[in-house]
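Participant: Quick one: this structure, given as structure tokens, is what I'll be asking you about.
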Amino acid sequence: MIDSSPVAAPTADAPATAADRPVSAPVASSAPRTTDGAAFARPADRAPARKDVTAFVAAAHAAAGRVSARVDVVDQESPAEKAGPVKDWDLAGLPADCAPGRAPELLTDTQAHARIRYGHKHGWSQRRVATFAGRSPSTIHKHYSALAAE
């Protein structure tokens, strides 16, 4: 059987409860509200607050504890030298068959294999050699396995 009785609608006179309000609704504060700016009292040595300033700006200006820092710049005759090469292919002393100075995207297969052998010989990680030779880490793992078998 279907209940056909009317549903009681909330009246306009009923006070809203916390469950009736949306989550983002402001919550009423029990603190007394002041309109004279007493909440943003300034020290006597500061200028009086402007009337056209918002409460947020007034609170920011009322903050007494400000932090500032001064950095002295020492005169340098020349900029600091680079610590070293940025990329492995710019290392000094790379053999000619490793194509020093050439980006991995521009390597031939022979040059990439030479770089793989060089990295294996010097104990580099497979990920570092993969970047150095422009090949995937799984390809480097296959080459390392073959080199270890030799």
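The values are calculated or read from the model by the stated rules, or taken from the named source; none is laboratory data. Everything quoted here is computed from the prediction, not taken from an experiment. Counting neighbours? That spans all protein chains shown, and the Cβs are built from the backbone with ideal geometry, glycine included.
Participant: Looking at Ala112, Ala92, Ala130, can you tell me which residue is more than 20 Å from Ala148 (Cα to Cα) and either of a type outside the set (S, T, N, Q) or touching a residue at least 24 places away in the same chain (Cβ under 8 Å) (or both)?
Facilitator: Only one candidate qualifies: Ala92.
Residues checked against (1) modelled with pLDDT under 65; (2) in contact with a Ser or Thr (Cβ under 6 Å, 6 or more places away or on another chain); (3) closer than 25 Å to His141 by Cβ; (4) in a helix (DSSP H, G or I):
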{"residue": "Ala59", "(1), (2), (3), (4)": "no, no, no, yes"}
{"residue": "Val86", "(1), (2), (3), (4)": "no, no, no, no"}
{"residue": "Ala92", "(1), (2), (3), (4)": "no, no, no, no"}
{"residue": "Gln111", "(1), (2), (3), (4)": "no, no, yes, yes"}
{"residue": "Ile116", "(1), (2), (3), (4)": "no, no, yes, yes"}
{"residue": "His120", "(1), (2), (3), (4)": "no, no, yes, yes"}
{"residue": "Trp124", "(1), (2), (3), (4)": "no, no, yes, no"}
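Participant: May I pose another question? When region 95-105 is examined, which residues are found to be in a helix (DSSP H, G or I) and without any contact (Cβ under 8 Å) to a residue 24 or more places away in the chain?
Facilitator: Result: Ala96, Asp97, Cys98.
Participant: I would also like to ask the following. Does region 124-143 include one or more residues that are more than 35 Å from the chain's Cα centre (by Cα) and among the aliphatic types (A, V, I, L, M)?
Facilitator: No, that holds for no residue.
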